[in-house]
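Right, one structure below, let's go through it.
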Amino acid sequence: MLPHFHVLWTLSMIIFHCRCSDITNVAFGTTTDGMPAAFGDFDSDELTDVFVLRNYGKTVEILLGHDEEPLLRRAKPPLQCNFTNLITSVVPGDFDGDALMDFAVTTIEKRPTNDNSHKTSYTSLYIIWGGGTYLNCSKNDEPILHLIGQPLALDYNQNMIIDLFGVDVDGNRTFWVFDSHRGAPKKISMTGGPTTELMKPHAHAFLDINDDYMADIFITTKKDFEIWYGSESQRFVYSHTIPHPPRAKKIGQSVFLDVELLGRMDLVTPVCYDDNCRDSALLVYHNGTWHNLEVNFKETNDNVWGFSLREGRKYTNVITLHCGDFNMDGYPDILATLELSQTSDTQSFLLENIACESGCDGFSRTYQVQWNALQPFKNGTVMAVFFDFYQDGILDVILVENNITEYKTVAFKNSLDYDANFIKLMVLTGLSNNNNHMIDGRVGKKRRTYGTNLPGPSISYRTTTQEGNSRHAISAQLPQSAHFSLNLPYTIFGLGRTPNFVDTLTVGLSNYSKDWTQIIPNCQMVVIPMPTSQPSKWKAQLFVTPSKVILTSVAALTGVCGLITIIIGVLHWKERQEDKRERLQESHRFHFDAM
């Protein structure tokens, strides 16, 4: 019986470990049919909410974040809007400057059969106006504009109201600039540069590329990549182009990462060198050259995986990378969906940023596929994205499973086996409105909103590690918004086991910047950059999250104090008992002097 007992015990421990990683019920409860489309704090309670697609992709609903289980749940009444056509993207932001979150919704609508133009379809865009606790869906049958493809969210005129960039129905590059009147946006053509046809799907991005604290535009065209620098006077000025990776048959969605932790935004692009993506690679553009990081996609059983690319399928119709620091060592990791063949099940994997021992085309870092990091979720996952469920600075993972007929959202808890430090930072628009009602904060206080999602800020830090080495990292907030890019509205920097204060943390926005010094690790920081042109008046709110070591120390100290208290109590009780016995003996003692 003893061997059988050991086998059963081992199996039970394996099942227990898997169940510890699967927190779907804790995260979503019974609402697992919503497909993640975007993130944002809709109700301004300092908890990140999730915009999901339901009803076969024709309903958008907001799942509100909570401190208690389920961590994401439906509002009462539900915050949702229904549409006639299929929803292709959701873009949260403040489109009218009232400091409350609205969101743009795009749907695909077929052209009339008698339309002989070469374009087969166009996109309808709707703005759903938010009120903090409710949605105004009355205009969900009246699109505010039409365009080709999906838009990029940006701030065109630095007024903290979200604007859009894309291609109008005539095929022209266009900015749509919104104001506080909730009317049709002002249409401004992009001029002064190439007019090459843009890629569709695209990977346009809005971020600071040339380190001047002014967000620039990265544009993906069918021939190359274009860089347009931000300018206060001319808005955006064409700078140069970057050639597509040579010999690439398929080009995925480019992202910008500080791969080597040098304080430099690198252009990272997934490519396939064949039509079926059996020969996949991860490339980085640096110093005018594409570098192959030589990622090994061969599994231990010699199966060779490649990026999943399946036209017409949700999430896998384009190669998309989702980035974040999974192991909190400071280097950004990647979540990607791979497949063995076009007929096999897809599976999402963690690509860990590791030191390169040899090769890597001159780069000191590369990525390694961690085949079992997201156990127990295996075959059938079509998308994985980082998300901080417990608001503790540790990135967990949301995955979407697909069994051909339906999609299911599941959650994975990231349980680090060591105590790591972090800094979590979010830059808001800084807009306020005295007419807005007061909102309950996380600690019971009444607070007003300080704005919503803001694309484009540059965030960086400098610190010194325990070994005495200088570390410099940089990131961009919400650089992309189309094709389920699913960028988080905050930035998390892993600091590894460095318990030191962060020497300098810098936020750059609209050609201005401000430094904060000696930042406590394990803190969540909210920056309110108002007035934009006066960085000295920018505010920062800090919320400290105790690390495991501190919590363990407090628990140990409490235990020691409790033990000492018990010992003192027992000794005091024994002393009282002895005193009592001595008094009794004294009272019964025979006094000879009395005789």
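The values are calculated or read from the model by the stated rules, or taken from the named source; none is laboratory data. As the structure is a computational prediction, the values presented were derived from the model and not from experiment. All Cβ positions, glycine included, derive from the backbone under ideal geometry; neighbour counts span all protein chains shown. SASA here: full protein model, heavy atoms, side chains in, ligands and nucleic acids out. Shrake-Rupley method; radii C 1.70, N 1.55, O 1.52, S 1.80 Å.
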Revision key, fill the gap. Checked against (1) open to solvent by 60 Å² or more (accessible area, probe 1.4 Å); (2) under 20 Å from residue 428 (Cα atoms); (3) not acidic (Asp, Glu), residue 56 satisfies every condition except (2)
Review point. Does residue 334 meet the test of being within 16 Å of residue 284 (Cα to Cα), surrounded by fewer than 22 Cβ atoms within 10 Å (Cβ to Cβ) and touching a strand residue (DSSP E or B) at 6+ places or on another chain (Cβ under 6 Å)?
Key: no
**Study point:** Residues (open to solvent by 10 Å² or more (accessible area, probe 1.4 Å) and either among the polar types (S, T, N, Q) or touching a residue at least 40 places away in the same chain (Cβ under 8 Å) (or both)) located in the stretch 298-315
**Key:** 299, 300, 301, 303, 305, 309, 313, 314, 315
Review point. Inside the stretch 477-503, can you point out the residues that are open to solvent by 20 Å² or more (accessible area, probe 1.4 Å) and outside any loop (DSSP other than H, G, I, E, B)?
Key: 492, 503
Check your understanding: Is it fair to say residue 293 is within 30 Å of residue 465 (Cβ to Cβ), surrounded by fewer than 20 Cβ atoms within 10 Å (Cβ to Cβ) and touching a residue at least 60 places away in the same chain (Cβ under 8 Å)?
Key -> no
Exercise for review: Just give me the residues in the stretch 251-278 being loosely packed, with under 15 Cβ neighbours inside 10 Å and more than 26 Å from the chain's Cα centre (by Cα), in sequence order.
Suggested key: 274, 275, 276
Revision key, fill the gap. All-but-one check, residue 378 against (1) more than 30 Å from residue 543 (Cβ to Cβ); (2) buried (at least 20 other Cβ atoms within 10 Å of the Cβ), failing number (2)
Practice item. Could you name every one of the strands (runs of 3 or more DSSP E) located completely within the stretch 329-432 that has at least 3 residues being of a type in the set (Lys, Arg) and under 18 Å from the mean Cα position of the chain (by Cα)? Key: none
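Output the residue which, of all residues in the stretch 225-250 that are in contact with a Ser or Thr (Cβ under 7 Å, 6 or more places away or on another chain) and in contact (Cβ under 8 Å) with a residue 24 or more places away in the chain, is surrounded by the fewest Cβ atoms within 10 Å (Cβ to Cβ). Write out each step before concluding.
Of the residues in the stretch 225-250, the ones in contact with a Ser or Thr (Cβ under 7 Å, 6 or more places away or on another chain) are 225-229, 237, 245.
Restricting the remaining residues to those that are in contact (Cβ under 8 Å) with a residue 24 or more places away in the chain gives 225-226, 228, 237, 245.
Working: 225: 23, 226: 20, 228: 21, 237: 14, 245: 18.
Only one residue tops the list, namely 237.
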Point to revise | From the options 367, 407, 390, residue that is over 19 Å from residue 494 (Cα atoms) and in the same structural domain as residue 72 (by the TED database) | key: 407
